[in-house]
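Read-outs: derived from the displayed coordinates by stated rules, not from any lab. What you see is a predicted model, and the numbers here were worked out from it, not measured in a lab. Reconstructed Cβ throughout: ideal geometry from the backbone, glycine too, with neighbour counts over all protein chains shown.
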Amino acid sequence: MKKLHNLEDEWNPVIDREVREHGYPNGDEIPGWTEAGFTPEIVRHPLQLIRIFASVPQDVPVAVIAAPHPNDVDSGTATNVDDVSVWTDGSCTENGSKYAKAGSGLWYAANDARNQAIRLPGEYLTNNTAELAAMLLSIQTHRDVRTVRIISDSSYAITSATTLLRKRLDHGFLNVPNPKYVAALVGEILHSPSRILVQKVKGHAGIEGNEGADREAAKGAEKDDPTPIDLSKGEHLLKIGARLSVLSQSELYKAIRHHHKNDTRKNTHRAVKQALDTIEATSGSRPPPSQLWLALKKRKHKTLTQKWCAFNWKALHQAHKVGEYWLHTRMKDSRMPCTECNAPAESLEHILLECRVSHQELVWDLVKSQWELTGREWPCINMGLILGISAIQIRDPDGKVNHALTRLFQILVSESCYLIWCLRCEWRIGREANPMRRHTVSEVTARWQSAINKRLRMDWKLTSRAVYKKKALPQRLVARTWQLIAPNLQCINEKRIEGVLVGMGIERRPPGRNR
């Protein structure tokens, strides 16, 4: 520190010096509008200038180039219009799937020749991607305008251009959805000589501009040919890496994993492809592979149990110690084949769909009998459907996803599969594979009924807002999930179950001593 104090003020990093990267601190604030960009920062230490994970050549400076302030630009040469207002919106069909069609819309006024409707190129597009592209296009279209006012109903796009802009730039766009579009939007804002103002409005509230942009976006999604989007302004930003001083240990760990990805195992790639192919054949949409893993991690609406998610994760990686796992071991003759079925390899598919010992046929008949109460056709159960059950979707005749039936189907299949696995392990390990100690039909039926009834009761317990507060399940969702197959479901408002879901339909014993 003594040596630093001996330095002249110009070179002393201890002295606060305002470094203007972008933003207009001296501009007049306009009520109801937020200025895109970020405010100037003060460099307090040289470490703030160090960036990691950069992929630019050494002779290229790693810097963020900002456009000049609009007040500093000659209005006669750089701007032709003082102010323009544009409404933006995005639309997407088959949101997030491989065959998604996304459109972006720009609306100025009714029957205005400047109104635009474009379709985005690429796969696995989302509505958020279309919202970003619409805002990006509005900036690119008006590079010669002094002030661009953008009105949108997308909080995601607006925060990407305002409050989250600096954070995402500092973090190198790591773990950010749609990184190319976000980086391109940030790059356009930094390079644009225009003053960009954004405003948030409520969507689908009958506002003329918002409804007009929504129609243009829907029109763009229906187009046959996509329109190329200029993302060049974000290419450099994606290469400059992240600021070391702002990253936490967790973020550094994620960044290291992102930049040093291992190749997918062949067995995992094969299992994921099998699951996605089955999902596409069953529901008509093909989600990205990441959705399989994300669904197992998040367990939305507590549809899948933690035990099942761990089981499914191992199944996708083919990590269960069954079948060919024992091929190159000394115990392959005793543990690899299924002696009861004379199958050469007791694979997971054999256990869940073919083996006689696990009573899988009886369990699937029980599931089918309950599912038919919904009036829907029972799909063909195969290994691909089991592996991809976390991302399966049940659709209505009009093509919309029926969330209640989807949740019911996921519960029935996952609980039944896990029961089959448990029955096999109990007989193979606990009962030492003794043919005389197989599970009986009545025992398996009772176990399955107990498992499903337990899930029903657990669902209703999870609706308690007094206990789980914001994490509580919506009562309406739980009621719609079970109403078609629970004949004894009563007292929804009291959050309790009077009868049982499946079985003989006998009422539960009344409350008494020790029960």
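Keeping to pairs on different chains or 8 or more places apart, tell me how many lysine pairs in the range 70-253 have Cα atoms under 13 Å apart.
Numbers: LYS101/LYS219; LYS101/LYS223; LYS180/LYS233; LYS180/LYS239.
Lysine pair count for the range 70-253: 4.
Highest mean first, how do 221-229, 381-389 rank when packing is the count of other Cβ atoms within 10 Å averaged over residues?
Values: 221-229: 13.9, 381-389: 21.1.
Top to bottom by mean Cβ count within 10 Å: 381-389, 221-229.
For a test of the definition: using alpha carbon positions, the gyration tensor, and the 1.5 limit on a/c, classify the range 70-253 as rounded, prolate or oblate.
Numbers: a/c = 1.80, a/b = 1.14, b/c = 1.58.
It comes out oblate by the Cα gyration axes.
Applying 1/(1 + (r/R0)^6) with R0 = 41 Å to the Cβ-Cβ distance of GLU251 and ALA110, what FRET efficiency is obtained, to the nearest 0.05?
Working: r = 47 Å, r/R0 = 1.14.
That pair, GLU251 with ALA110, gives E of 0.30.
Fewest first, what order do LYS202, LYS101 take by the number of other Cβ atoms within 10 Å? Provide the component values of the computation, followed by the final result.
Numbers: LYS202 9, LYS101 20.
Starting with the residue having the fewest Cβ neighbours, the order is LYS202, LYS101.
For labels at CYS425 and LYS273 in the simple 7 Å Cα→Cβ model, what's the distance in nm?
About 3.0 nm, to one decimal.
Could you tell me the center-to-center distance, by alpha carbons, between the range 402-479 and the range 101-126 in angstrom?
Measuring centre to centre over Cα atoms gives 46 Å.
What ranking do TYR181, TYR325, TYR468 get, fewest neighbouring Cβ atoms within 10 angstrom at the top?
Numbers: TYR181 26, TYR325 18, TYR468 13.
Listed from fewest to most nearby Cβ atoms, that is TYR468, TYR325, TYR181.
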